[in-house]
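Undergrad: First, the structure itself, so that you have it in front of you.
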Number of protein chains: 2
Amino acid sequence: MPDATIRDVARRAEVSVATVSRALNGLAVREATKARVREAARELGYVPHAGARSLSLARTNAIGVVLPDLHGEFFSEFVRGMDREASRRGYLLLLSNLHAGSEQAAQALKAMRGRVDGLIVMAPHLSPEGVAAALPSGLPSVLVNTRDSSGDASAIHLDNAAGAGAVVEHLAAIGRKRIVHIAGPAENIDARERADACVSAARALGIECEVVSGDFEEESGEAAIAALLNAGHEFDAIFAANDNMAIGAIQALRAAGRQVPQDVAVAGFDDIPLARHLGLTTVRVRIAELGERALATLIANMEGAQSGGDESHAPELVVRATTAGSVE
Amino acid sequence: MPDATIRDVARRAEVSVATVSRALNGLAVREATKARVREAARELGYVPHAGARSLSLARTNAIGVVLPDLHGEFFSEFVRGMDREASRRGYLLLLSNLHAGSEQAAQALKAMRGRVDGLIVMAPHLSPEGVAAALPSGLPSVLVNTRDSSGDASAIHLDNAAGAGAVVEHLAAIGRKRIVHIAGPAENIDARERADACVSAARALGIECEVVSGDFEEESGEAAIAALLNAGHEFDAIFAANDNMAIGAIQALRAAGRQVPQDVAVAGFDDIPLARHLGLTTVRVRIAELGERALATLIANMEGAQSGGDESHAPELVVRATTAGSVE
DNA sequence: ACGGTCTTTGTAACCGGTTACATGACGTAC
DNA sequence: GTACGTCATGTAACCGGTTACAAAGACCGT
C-alpha cells in the first residue's frame, strides 16, 4: 500500500482536503472536526509530502551547502557548526560536493534550484565572478572564503591575515629573525592569504620571511624543510600554512638534529587535536563557529535583511611549546 | 524578476510546455525546434525547478541521512564516504541531525517524506523497534549500527566483536593476563559490544578482563586508570573502547611512573590520526568505507534488490609501539 | 486520390499539497 | 421577518514540472 495522501485522509474523515490541510496546520476548524481529521490521519499513518508542500508554499525549509572536497577536520567541524544552527532554526541541510571543473560546479548549483531556500557556497578554486554567475538568481546566498566581488550575495571569510600576522609578531617577539613559511597549494585562497600576510607582516617588522611551497600534507612539510636543511639554508623559525605541514617540518628538524624550539621555533595553523598533544604553537580556527555564523547570516538574509555584507571570522593565536622561550 | 518557469520558456520559443519539457530532456523533438527551445531557455536563464520535477516524477535524486551528534572524526569520515558515493551516483545528501528524545527522532524521519528516495539512519540510542516504527513506510532504508530486528530495512554495522576480539587475542599473544577494559557510554551500542566482546574473548582465552566505565572522552580514560592505580589494582594491559580514552590512560600511567608497554600494554579503537603519532595499537575502522557501503547498499535496495540483509563491516587490528614486545 | 503509418507537436490531466473565494448555517440586531 | 456578520467548510485554481492521448502533417504504397 503506497503512502496515504491528503485526499485519502479527507475521504476517511469525510471532509474536504481543504479542511484536512487546515486542521493539520492549526487553522480555524471546529474542534470536533479537527479531532476526526487527526484520528483519520493517525489511522492511515499519514505524513505530509514535503515536496508537494514546498511546491505550493514556495518554501522548502532546507538550505543548500556546496563544498569542495575538504580536509577531514575542517569539513566535519564546518558541517557540524552549520548543522547545529540549522536544526536549531528548523532547517535541513542539503549537501552537495563540488569536485572538479567550473562546469560541474555550475551544475551543482543549478541542481539546488527549487530544493532549498538559501545557499552556502564554498568554492576556493573558483573565481568570485564565476561563482556569482552560476548562483541561481533570487536565491539568498552566503559565500564562504570567497571575497565578495559581486555584492549580490553575502560573504564570510576566515581572517587569514590576522592569524598569520599574529604568528609572525609572536615569532618576532621571541627574537626570531629568519622565518620560513611553508605555503599550501597555490590555488587555495586561504593558503595564498596566509603566505601573503606572512611576507608583509615580516617586512613590517623588519625581519625575513622566505616562502617555500607545500600542499597541506604532512609529507610536503617534511620534504620542504629537509630540502632547505640539505641546501644549508639558515633560519630560526618555521611557520607552516597548516598544522599537518608543521608536524612534518618538526620531523625533518628532529631527523637533522635541530632542537625545537631552541634552534628553530615552529608554528602551524588550524589547531587540530594533534597540535595540542605535540605542543605545537598554532592559530586556532573555530571552524564550527564559522559554520554557525555562515548559516545565521544566511537566515538573516533570507528573512529579508539586505544582503551583501562581508564578515570576517577572527582566529586566535595559541602559544605552546614549539615556540616557547626566547633566544637572546 | 522572479525565476523563469517552463511556461515562460514555452511562450518565448513559441511552442507548448510539453515541447519544452521534451526538448530539454532529450526526447523526440525536431532539431530546429530543440534549438529554438534551448536558445529561449538560455536567454531567460531558465533552470528547472527540482521540487516540481520530483513531485511529478516521484523521484528526488536525494538521499536522507539522519545522524546523531557524532564525534568529529567519525562524523566527517562517514559523511565523506557517503558523499563520495552519492555524488558518483548523481544523488544529493539531505542531512538531518538527531538530537534528543525519540519524539524528536520520529519528527526528523517524517520530515524526510517526499524529499528523498531513500534513508540512511544511525540511531545508536534508539531501540531498533522504535526506529522501524518511525521510518516512513515504503521508503528504502539502511540502518547503520542498529541491529536489524525489523527485517523491513537493511542494516549495516561495524563488527565491534571482531575488532575487540582481535585486540584481546593480540594482548594474550604477547603474554598479558589481566586486562582492564575502559568502556564507553552505556547507552552506546558500539561501546556495549566492544565491552561484551572483550569479556567473552578474555574468558575464551582464559585470561582476566575487568570493565571500568568511561564516556569516550580522553579525561574519562585518564580518570579511570588513575583511580585503579590509586586503589592498588594490578593489571598488565589496558584496552580502551576508543583511542581518546586510551590516550588518557597512557597519561595516567605515565603520571604514575608505569612504563608502556613494559609494565602495561595499551590498545585503543578507531585509529584516529593521533594514534599513529603516539604509536598506539588500535583497531582501524575505515569509516569512510562504511559510509560508502551504506550508500551503495541503499541504492541497491532502491533499484529493486530485495532489502533486508544485514551486512557487517570488519575493522582491522593495527599493532604499534604501545603493545610492542612480549613479557616473558 | 486515398488509407495507413510515422513523426512532431499541442492539450490537458496529474503529482500532493495550500488557499482565495464561494457557500451555507447560525446568531443577532433591527 | 429580513438583513447582516461570523464561522466552518467545500470547490477549484494554483505551484512547476511530466506525460498519456489526440491531432495534424508528411510520406508511403497502391
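Derivation of every value follows stated rules applied to the coordinates shown; laboratory data play no part. Predicted model only: the values in this text are computed from it and were never measured. All Cβ positions, even for glycine, are placed from backbone atoms using ideal geometry, and neighbour counts span all protein chains on display.
Undergrad: According to the square roots a ≥ b ≥ c of the eigenvalues of the Cα gyration tensor, what is the shape class of the stretch B:51-98, taking rounded for a/c under 1.5, prolate for a/b larger than b/c otherwise, and oblate for the remainder? Numbers along the way, then the final one.
TA: Numbers: a/c = 4.95, a/b = 1.88, b/c = 2.64.
It is oblate, given that a/c is not under 1.5 and a/b is not larger than b/c.
Undergrad: May I ask you to list the aspartates and glutamates whose Cα is less than 16 Å away from that of B:Lys177, ignoring any residue fewer than eight positions away on the same chain?
TA: Result set, ordered by chain and number: B:Glu169, B:Glu208, B:Glu210, B:Glu234, B:Asp236, B:Asp263, B:Glu328.
Undergrad: Could I ask something else about it? Placing a label point 7 Å from Cα toward Cβ, how far apart in nm is B:Arg11 from its equivalents in the other copies, listed shortest first to one decimal?
TA: Inter-copy label distances (nm, one decimal, shortest first): 3.7.
Undergrad: I would also like to ask the following. Quote the relative contact order of chain B in percent (integer), defining contacts as alpha-carbon pairs under 8 Å separated by 6+ residues. Intermediate values should be presented prior to the final figure.
TA: Working: 623 pairs, mean separation 55.4, N = 328.
This gives 17 percent for chain B.
Undergrad: For the stretch B:24-40, in order, what is each residue's ³J(HN,Hα) by Karplus, 6.51 cos²θ - 1.76 cosθ + 1.60 with θ = phi - 60°, in whole Hz (x at glycine and Pro)?
TA: Once θ is set to phi - 60°, the couplings for the stretch B:24-40 become 6, 9, x, 8, 5, 8, 4, 4, 4, 5, 4, 4, 4, 4, 4, 4, 4 Hz.
Undergrad: Quick query: amide H of A:Leu92 versus all other amide H atoms, modeled in the peptide plane; which residues come in under 5 Å with a sequence gap of 5 or more or a different chain?
TA: A:Ala62, A:Ile63
Undergrad: Follow-up question, since we're still on this one. If you fit an axis through the alpha-carbon atoms of helix A:72-89 and take the longest principal axis of the Cα set of chain A, what angle between them do you get, 0 to 90°, nearest 10?
TA: The answer is roughly 30 degrees.
Undergrad: What does the helix-only formula give at 222 nm for the protein assembly as shown: each DSSP H stretch with n ≥ 4 adding -39500 (n - 2.57), the total divided by the residues, and the result rounded to the nearest 500 deg cm²/dmol? Working shown, then result.
TA: Working: 26 runs with 302 residues, N = 656.
Value at 222 nm, helices only, nearest 500: -14000 deg cm²/dmol.
Undergrad: Given contacts defined as C-alpha pairs under 8 Å and at least six residues apart, what's the relative contact order of the stretch A:176-328, whole-number percent? List each step's numbers first, then the result.
TA: Working: 260 pairs, mean separation 31.2, N = 153.
It comes to 20 percent, rounded to a whole number.
Undergrad: For the Cα atoms of chain B, what angle does the longest principal axis make with the long axis of helix B:218-230, in degrees from 0 to 90, nearest 10?
TA: 10
Undergrad: On a C-alpha basis, how far is the centre of the stretch B:181-217 from the centre of the stretch A:263-306 in Å? Whole number, if you could?
TA: The stretch B:181-217 and the stretch A:263-306 have Cα centres spaced 35 Å from each other.
Undergrad: Just which residue of chain A brings its Cβ nearest the axis of rotation onto chain B, and by how many angstrom, rounded whole?
TA: A:Ser76, 1
Undergrad: What are the distances, in nm and sorted shortest first, from the label point of B:Ser213 to the label points of the same position in each other copy, with each label point placed 7 Å from Cα along the Cα-to-Cβ direction?
TA: Copy-to-copy label distances at B:Ser213, shortest first: 5.6 nm.
Undergrad: What ranking of A:Arg293, B:Arg11, A:Arg89, B:Arg42 emerges when the number of other C-beta atoms within 10 Å of each C-beta is taken as an exposure proxy, fewest first?
TA: If I rank by nearby Cβ atoms, fewest first, I get B:Arg42, A:Arg89, B:Arg11, A:Arg293.
Undergrad: Still on this structure: Restricting to the protein assembly as shown, compute how many DSSP beta bridges are antiparallel as a %, nearest 5.
TA: Beta bridges within the protein assembly as shown, antiparallel portion: roughly 10 percent.
Undergrad: Another question about this same structure. So which trypsin sites (Lys or Arg not before Pro) in the stretch A:101-199 are both in a DSSP loop and have at most 14 other Cβ atoms within 10 Å of their Cβ?
TA: Those that pass, being in a loop and sparsely packed, are A:Arg147.
Undergrad: Still on this structure, I have one more. Give a quick list of GluC sites (Glu not before Pro) in the stretch A:195-271 that DSSP marks as loop, anything other than H, G, I, E or B, with at most 12 other Cβ atoms within 10 Å.
TA: Answer by residue number: A:Glu234.
Undergrad: Report, to the nearest 10°, how far helix B:287-302 tilts away from the longest principal axis of the Cα atoms in chain B, using its own Cα long axis and a range of 0 to 90°.
TA: 40
Undergrad: Once you keep just the Cα pairs under 8 angstrom separated by 6 or more residues, what percentage relative contact order results for the stretch A:129-225? Don't skip to the answer; put the middle values down first.
TA: Values: 125 pairs, mean separation 22.6, N = 97.
Answer for the stretch A:129-225 is 23 percent.
Undergrad: How large is ³J(HN,Hα) for each residue in the stretch B:275-286, as worked out from phi by the Karplus curve 6.51 cos²θ - 1.76 cosθ + 1.60 (θ = phi - 60°), to whole Hz, x for Gly and Pro?
TA: Rounded to whole hertz, the list is 4, 4, 5, 8, x, 8, 5, 7, 10, 7, 10, 7.
Undergrad: Same structure, new question: In nm, what does the list of distances from B:Asn25 to its counterparts in the other copies look like, shortest first, when each label sits 7 Å along Cα to Cβ?
TA: Copy-to-copy label distances at B:Asn25, shortest first: 2.8 nm.
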